[in-house]
Structures are given as structure tokens and as C-alpha cells.
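Below: one structure, written as C-alpha cells.
The values are calculated or read from the model by the stated rules, or taken from the named source; none is laboratory data. What you are looking at is a predicted structure, and each value in this text was computed from that prediction instead of being measured. Reconstructed Cβ throughout: ideal geometry from the backbone, glycine too, with neighbour counts over all protein chains shown. These accessible areas exclude ligands, DNA and RNA; they are computed on the full protein's heavy atoms, side chains included. Shrake-Rupley method; radii C 1.70, N 1.55, O 1.52, S 1.80 Å.
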Amino acid sequence: MLLIGTALVAIAAKDPVLMKINGKDIKLSEFEYLYHKNHQQQVAKESLDQYVDRFVTYKLKVADAEAERIDTLPSFVKELNGYRDEIVRPFLTDTAVQERLVREAYERMKVNVNIDHMMLSLGKDYADNQKQIAMADSLINCIKQGEVWDSIVAKHSIDPSKVRNNGHYGFITAGAFPYVFEYAAFNTPVGEISKPIRTDYGIHFVRVNEIRPDEGQIRASHILVTFPRKMDDAEKARLKAKADSIYNVAKSGADFAELAKKHSQDPGSSKRGGDLGFFGRGRMVPTFENAAFALKDGDISEPVESQFGFHIIKRIESRGVPSFEASRPNIERMIASDERSKMPREAKIGDAKAIYNYTVNPKLETYLKDEIAKNGKFDSTLVAKLRESDFPACTYGNESLPVKDVAKTMNPKTVLNNDAAIGYFNAQLEGLVNTRIMDYYTANLINDNEDYRNLLNEYRDGMLLFEISNRKVWEGAGKDTTGLKNFFEANRAKYAWDKPHFKGIILSAKNDSVMSIVQDDIYRIGRCDTLTQTLKKIHGNNIKMERMVVGPGDNKLADYLFFNGPAPEPTAAYTKCMVLEGGIITAPEGVSDVRGQVTSDYQDVLEKEWVKELKAKYPVSIDKKVLKKIKKL
């Protein structure tokens, strides 16, 4: 207990209370976070004392919102929870691991690795997989002792490509294979053989023969004369002659794209003039790739044979490996789509286990063996019994995970021997505890992570500030019609105009005939309170009516009709205009004529009165000693 108490004192000393507002502690870290952030965003910098005053006012408003229990409203809680779910995501992955993977992938983009490959089948279970790995180790030893690679591959490899390559893959590029396979290929020294690796396809090992700089990417077009499924020598000769003919036309200066559209039998590229876009090594079949990379920009190859047919290739342009920043988006998308996407989170899970002292019960295996022995075997009866067991499987933080929670994730119909059953339980435990400990980590993040806490509190307080300000000031001023009217009357001189204004309605019509009919209707209906509604009902979109209070220069129609402005250029929609009602006034007749300005000024008054009330209502205390610790900016 003494040690725990000492730790708490140390934490408190590191992040002391700077101020208390309405009894609520405001830590130094929160103030500094907002102070530094605001300082960076300000054009006109304010002093620390000025910011302290503004910060206190901000927190007083938040306190008022809490006093009115705005933070308990279902709508508020829902919005805050949605935001929490968004901002917590970066804190649940190890960003350093993510960055390492991105930079690792980029460095691999700079080279190609020449490898040989061997693959054995996957076992039907864990024990069988171990036998296959042992077999791979044995074959590696045989090769190291002098046995010929080709003969080992021919006898043991299940890779279908061995028929054409005898296990010699040649040069490969980053991103072309599963990450664990790529890792082995790029991390094994030249001349050596990797350790056995497991993928979803089998047990592999690779031998690295050579590493060379990546040649970058080229952009090429091609014209393909395809091979039929069945072809004799005569047919192949005929197709070769056809390809030679197209090549000769292309070499003579004909438009290659038009030739591709007309003659290429590649349905994917022929519509684009044969354009295949940019590609690097390892993306095309070897014969095509080698021919394309051997060309210079602008050159056209003689017909090149592949398993698909004869290709006439035009190399358009080339580029080196893109810069790191240019490559980052593609690398991040690639990482997000393979097994590397899990690695930053797995690293964070490891961190959480260390932070919360995750410990598997040392008596767990003995307990499981005893239970299996009592039952006689692993079956549904045993699983049912385990689902009632409170025996602690592991602990972390202040939590204990019982056996029954793990057993609930197990399939009671699984058939396993005793050793495999314990392995199965441990695997289920690992999966469940990873989920539970991250839930625990997330729940405690607001207490354990200063950056997350400050970010979430900033958003929460911002939501409260907006809602309480809307109630007390913004929306309050708009709804207080009596207060607005009285404020205007008391300050009428402030809103006097230095120039006359037009106040009324200007009607625009689509053309002369519409305007003539409108004027007849006005004469027939007569001036009345429902005139505008009636005209709109009769003429619809053939007319437009604009109510306004404007001075010279504020509106082109008003300028033309009242302030000697030029005639506005007629639009396609409305060509004629007239004054439907109103005229020139020299001063505002009521608050509605200057509502925007009056409302803004009235809001300022309400704001000042509100802040004055807050300062009298809620106690504020500031620790001057702690304040001195803040580095002035």
C-alpha cells in the first residue's frame, strides 16, 4: 500500500491541479494542451494572463452546462459516444509499428530478390504441421550438404509452378507475395536458405541467390495475336506471319494505338489502344517483361512469344521508384489488405498486457489436465462442466478471467486428444483475452493516456459550450422579441443610417407579357395583405418576389429603381421588374429593418450579463504556484 500511495503522489506531482471551478479540478496538462493549441492557431498572440481569463470564462460556461445536466441528455451522450469511437482508434494501434512497416515496404521497393522456392503441404492439425516443418528442416539440411536443389524440388515440392520453373522463381518484387513469405525472401542473406515458414498455402522455404536494384516501372502498350487452344505448327506459323505484318506496319510509322484497337486480341487493353499502364518487374509473364524492359522509351519490339500468343510491344515511358511520400498511400492500402494490418494492433495488445500485468494462472494447465482425466476425454460433457467453472484462467489489471468464459467460446463437438484439447483451450484463451484486455485498455484510456483524455475532453466541453451558449445567448436573443425591441428602442440612435434605404418588395417577371398580366391582376385584386400569396399562386415560377431593406450598392434592382444605378443585365429567367410595394425610408422604422445588427449587439449584452452571473455563481480558485510552471509562449 505504501508503494501504491507513493506512485499516486508521484503522478499527482507530475500533473498538479491548476485551478478549481465549481469544485471541479482542472489539471495543468489540460490547460497546457489547450493553451499551446490556441497559441498556434492565433494570428494576434495573447499573453498568458489574457488566456487564463478566457480559459476561466470557457470553463465557467461548461460548468453552467453541467449544472443544467446537458451532458446527461440522450442526444448529447449519443453524439459524444460516436466521437469517442472515432478518436479512440489511433490509440488502439501502435503507430510506431505502422510507420516501421510502411518504411520497411518502401525500402523493399528499391530492390528485387532472386529466389528459389520449395513448398510442402499443410498438415491437418498442429501436430501434423510440426511434422511438415521438421520435414522442411530435413530437406534444408540435405541441400546444405550438397544435394541438388532441382532434384529435391522435383521429388518433394507441391508447388504447381515447379513444372515450368523447377523451383527457380527468379527475381521477385515487394508486395507480390504474402508478407511472411516476402519477409523470408527479403531478410535471408544471399546464398542462404530461410527457415521454414507457414502460409495459408503450405510450408515453404526459399533460397536467396541475388539482390539487385529495382529498375523502376515502365509504361507499355502491346498488340496481342492470341494462340488458340489447339494449334499445330502450320497455325502457329500463320499467326507469326500475321504478327510480323502488324509489326512491320507499326515500325513504318503507323499509329500504334489505332493498330492495337484494330488488331489486338487482348480485350482488356485493346480499347485503350493497347495501353497497359505502368508496371514493374514481377507483374507480367517473364518473356513479355524481359522484352519490355529491354526496350528504350519509344521503341517497338519484334513479336515476342508467350503462353498467350505473340506480342508486339511499344515502350512508352519509364520512371524510377517513386518518392517515399508519393508511395505512402499505395503502401498503406497494401498493408491494410494483408496480414500486416493486424500487426500494429497486436503490438498494442502486447503493450496493454505489459501495462496491466497480464498473467496466465500457473495452475491452469494442471487444472485442465485434471478435469480431462476426471471426464476421461475431451467432449461436450467436459465443455459443459468447464462452462460452469469459476477457476481463474488469467488476470490483468483488476480483472480475472474465469475458465467458464473461455469455455463458452469452445465448440463442444470438436474431437481432440488430451494434449490437443489443452492447446485448443489456450488458443481460445488467447483470442478472448486479446479482446477483453483491449476493452479494459479502452475503458481506462481516459485515465491512463493524457493525449486521449485532453482530446476527448476538448470535444466534450466544446459540445457543452455550444449548447449552453445557444440556449443562453444565440437562440435566446432570437426568441426574445420583447428584449430585442426594447434594446432597439433604447439604442435607436446607434442604428441610424447615413443614406436612405429602399424597404419593400421588388417583383420580377420572365418577360413583358407575364409582367403585363401581373399588372392587370394587381389592378383587379387591389392592394391587400394577401396580394403576394395570390400572385404567387396564379403565376408560380413565372415571377419572383424579393422582400428587402437595402441601401445604395446593396442590390442591383434597388439601385436601378431608386438610386440611379444602371439597368441590370436581364437573366434568362427574369427580364422585367417593378416595385410591388414599399419605397424610400431615411431611418429604420423598427427592429426588423436592422435585425441582424441589433441581434448581434443584443447577444453581446446577453453574453456579458451571463458571464457576470457565472462569476458570481461558481467559485474559481487558481494555484499561482502551479501557474508559474507554465512556459509562456
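Tabulated data
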{"item": "Order by protection proxy (mean Cβ within 10 Å, highest first), peptides 23-30, 506-513", "result": "506-513, 23-30"}
{"item": "Vicinal HN-Hα couplings computed from phi for segment 176-181 (Karplus, 6.51 cos²θ - 1.76 cosθ + 1.60; Hz; Gly/Pro x)", "result": "8, 9, x, 4, 5, 5"}
{"item": "Shape category assigned to segment 44-120 from the gyration tensor of Cα positions, a/c cut at 1.5", "result": "oblate"}
{"item": "Accessible heavy-atom area order of Y35, Y126, Y358, highest first, probe of 1.4 Å", "result": "Y126, Y358, Y35"}
{"item": "Value of D in µm² per second that Stokes-Einstein yields for segment 467-568, Kirkwood Rh from Cα pairs, at 37 °C (0.692 mPa s)", "result": "193"}
{"item": "Descending principal axes extents, segment 344-432, alpha-carbon based, whole Å", "result": "39, 24, 19"}
{"item": "In Hz, Karplus ³J(HN,Hα) per residue of segment 115-120 (6.51, -1.76, 1.60; θ = phi - 60°; x = Gly, Pro)", "result": "10, 10, 9, 9, 9, 10"}
{"item": "Carbon and sulfur %, accessible surface of the chain computed with the full protein complex present, 1.4 Å", "result": "52"}
{"item": "Nearest 10 degrees, 0 to 90: helix 233-251 Cα axis against the chain principal axis", "result": "40"}
{"item": "Peptides ranked, highest mean first, by Cβ atoms within 10 Å: ranges 114-123, 148-157", "result": "114-123, 148-157"}
{"item": "Added length on full extension, which subtracts the Cα-Cα distance from 0.36 nm per residue, K413 to K612", "result": "64.5 nm"}
{"item": "Over segment 335-394: Kirkwood hydrodynamic radius from C-alpha pairwise inverse distances, Å", "result": "14.4"}
{"item": "Net charge contributed by nearby residues that have their C-beta within less than 14 Å of K624 (K/R +1, D/E -1)", "result": "+2"}
{"item": "Rounded tilt (10° steps) of 364-375 against the dominant C-alpha axis of the chain", "result": "70"}
{"item": "Shape metrics for segment 561-633, restricted to C-alpha atoms - Rg then Dmax, Å", "result": "26.3, 73"}
{"item": "Local electrostatic count, A347, Cβ distance below 12 Å [Lys/Arg +1, Asp/Glu -1]", "result": "+2"}
{"item": "Radius, Kirkwood style, for the chain when every pair of distinct Cα atoms is counted (Å)", "result": "34.6"}
{"item": "Volume per residue of the C-alpha convex hull in segment 447-512, rounded to whole Å³", "result": "248"}
{"item": "Along each principal axis, Cα extent of segment 523-591, largest first, Å", "result": "34, 32, 21"}
{"item": "Shape call, segment 122-200: gyration tensor on alpha carbons, a/c limit 1.5", "result": "rounded"}
{"item": "Highest to lowest packing among 556-564, 133-141, scored as the average C-beta count within 10 Å", "result": "556-564, 133-141"}
{"item": "Compactness of segment 164-317, expressed as Rg and Dmax over alpha-carbon positions, Å", "result": "18.5, 54"}
{"item": "Accessible area (Å², 1.4 Å probe, nearest 10) - T435", "result": "80"}
{"item": "Coarse-grained scattering of segment 77-122 at q = 0.16, 0.19, 0.25 Å⁻¹, given as base-10 log I(q)/I(0) from a Debye sum over alpha-carbon atoms", "result": "-0.71, -0.78, -0.90"}
{"item": "Positive minus negative residues near R103 (Lys, Arg vs Asp, Glu; Cβ under 13 Å)", "result": "0"}
{"item": "Between 0 and 90°, nearest 10: helix 28-41 axis offset from the chain longest Cα axis", "result": "80"}
{"item": "Straight-distance crosslink candidates among lysines, where the alpha carbon sits under 16 Å from K59 and sequence neighbours closer than 8 are dropped", "result": "K20, K24, K27, K472, K608, K612, K615, K617"}
{"item": "Solvent exposure ordering (accessible area, 1.4 Å, most first) of Y495, Y459", "result": "Y459, Y495"}
{"item": "Count of lysine pairs in segment 152-296 with Cα separation under 22 Å (8 or more residues apart, or interchain)", "result": "18"}
{"item": "Tensor-based shape of segment 315-471 (alpha-carbon gyration tensor, a/c under 1.5 rounded, otherwise prolate or oblate)", "result": "oblate"}
{"item": "Heavy-atom SASA rank of R198, R207, R164, R315 (probe 1.4 Å, accessible area, largest first)", "result": "R164, R198, R207, R315"}
{"item": "Relative contact order [Cα under 8 Å, 6+ residues apart], the chain, whole percent", "result": "15"}
